[in-house]
Structures are given as structure tokens and as C-alpha cells.
1. What tally of residues in region 41-52 results from selecting those that are surrounded by 10 or more Cβ atoms within 10 Å (Cβ to Cβ), over 13 Å from Tyr94 (Cβ atoms) and without any contact (Cβ under 8 Å) to a residue 24 or more places away in the chain?
2. Could you please find all residues in region 9-48 being on the phi > 0 side of the Ramachandran plot and either touching a helix residue (DSSP H, G or I) at 6+ places or on another chain (Cβ under 7 Å) or not in a strand (DSSP E or B) (or both)?
3. Give me the residue from region 79-120 that is hydroxyl-bearing (Ser, Thr, Tyr) and outside any loop (DSSP other than H, G, I, E, B) and, out of that set, farthest from Lys43 (Cα to Cα).
4. Which residue out of Thr77, Thr90, Thr102, Thr114 is touching a Gly at 6+ places or on another chain (Cβ under 9 Å) and among the hydroxyl-bearing types (Ser, Thr, Tyr)?
5. When residues of region 8-21 are filtered for being open to solvent by less than 60 Å² (accessible area, probe 1.4 Å), closer than 16 Å to Ala63 by Cβ and in contact with a Gly (Cβ under 7 Å, 6 or more places away or on another chain), how many remain?
6. Which of the residues spanning region 102-120 are of a type outside the set (Lys, Arg) and over 21 Å from Leu85 (Cβ atoms)?
7. Any idea which of Gly113, Gly55 is open to solvent by less than 70 Å² (accessible area, probe 1.4 Å), at pLDDT below 95 and at positive phi?
8. Considering only residues that are open to solvent by 80 Å² or more (accessible area, probe 1.4 Å) and part of a loop (DSSP other than H, G, I, E, B), look in region 58-72 and name the one that is farthest from Val2 (Cα to Cα).
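The values are calculated or read from the model by the stated rules, or taken from the named source; none is laboratory data. Remember, predicted model here, so these are calculated numbers, not experimental data. A quick note on method: Cβ atoms are made from the backbone with ideal geometry, for glycine too, and the neighbour counts reach across all protein chains shown. What goes into the accessible areas is simple: the full protein's heavy atoms, side chains included, and nothing from ligands, DNA or RNA. Shrake-Rupley method; radii C 1.70, N 1.55, O 1.52, S 1.80 Å.
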Amino acid sequence: QVELAESGGGLVQPGGSLRLSCTASGSMFSINAMGWYRQAAGKERELVARIITYGSTEYADSAKGRFTISKDSALKTVYLRMDSLTPEDTAVYYCNVVGYDTNFRSFAAWGQGTQVTVSS
């Protein structure tokens, strides 16, 4: 089983910054992609950003130019730097990792979610 540990959420003022971290642990053959999703109250979960094994990145339009996703492959850790935060960024942020386990079966793992609240 693959488990994800998230950290970095919290309360921040508008215009502030946060950095989220997510570390994968457990038995896995490979990680193909790591990313962040978020779900605001009353809204559907949406992709914020993701990064694939060889470094290609994707961002939601709302995140582009403000958020930066990166990873440390050796540590199996993905980061999301969030700048210029607004109240509309308030949501529970979920880490997602997809890959292949040691039986060569595809897997998708989700973190428990970390709350980000942007408020003055």
C-alpha cells in the first residue's frame, strides 16, 4: 500500500504564501505523476497542478502564474508553492500520486487533505 503524508496547510492573509508538501511511502515500483487537487465548500474537486516523472507540469488556469509545483524524486515528495493567495483559494487540498506497485499494477493514492484558509 502507498500512503501520502501532507503538510503545510493553514491560515494565511490575502496576498500571502504557503508551501504544501506531500511525501509518498510504502511499496511501489514507480511513480508516474504527483499532483494537487482542491475542493472548496460546495464545489467539486478540481486539479490544481501536477507533475509527471520527467518534469512536465500542468496548472489550472486559476493557479497559473501564482502557484509552482515541484518534486524531489529521491524523497518521493511533491511541493506546491502558492503565492498571491486570495480567499477563492480557500479549500481542502489533496495530494494525489499515481504509479505502479511492486506487482506492476497501477495505483492511485490520495492524501487525507490539508485545509488552506485565506482570510483577513
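1. 1
2. Gly15, Gly42
3. Tyr100
4. On the way: Thr77 fails: touching a Gly at 6+ places or on another chain (Cβ under 9 Å); Thr90 fails: touching a Gly at 6+ places or on another chain (Cβ under 9 Å); Thr102 fails: touching a Gly at 6+ places or on another chain (Cβ under 9 Å).
That would be Thr114, the only listed residue that is touching a Gly at 6+ places or on another chain (Cβ under 9 Å) and among the hydroxyl-bearing types (Ser, Thr, Tyr).
5. Residues that pass the stated criteria total 2.
6. If the condition is that a residue be of a type outside the set (Lys, Arg) and over 21 Å from Leu85 (Cβ atoms), then Thr102, Asn103, Phe104, Ser106, Phe107, Ala108, Ala109, Trp110, Gln112 are the ones that fit.
7. Details: Gly113 fails: at pLDDT below 95.
Gly55 is the lone residue from the list that is open to solvent by less than 70 Å² (accessible area, probe 1.4 Å), at pLDDT below 95 and at positive phi.
8. Here is the first cut: in region 58-72, the ones open to solvent by 80 Å² or more (accessible area, probe 1.4 Å) are 58, 61, 64-65.
When the remaining residues are screened for being part of a loop (DSSP other than H, G, I, E, B), the result is 61, 64-65.
On the way: Asp61: 30, Lys64: 29, Gly65: 31 Å.
Filtering first and then ranking leaves Gly65.
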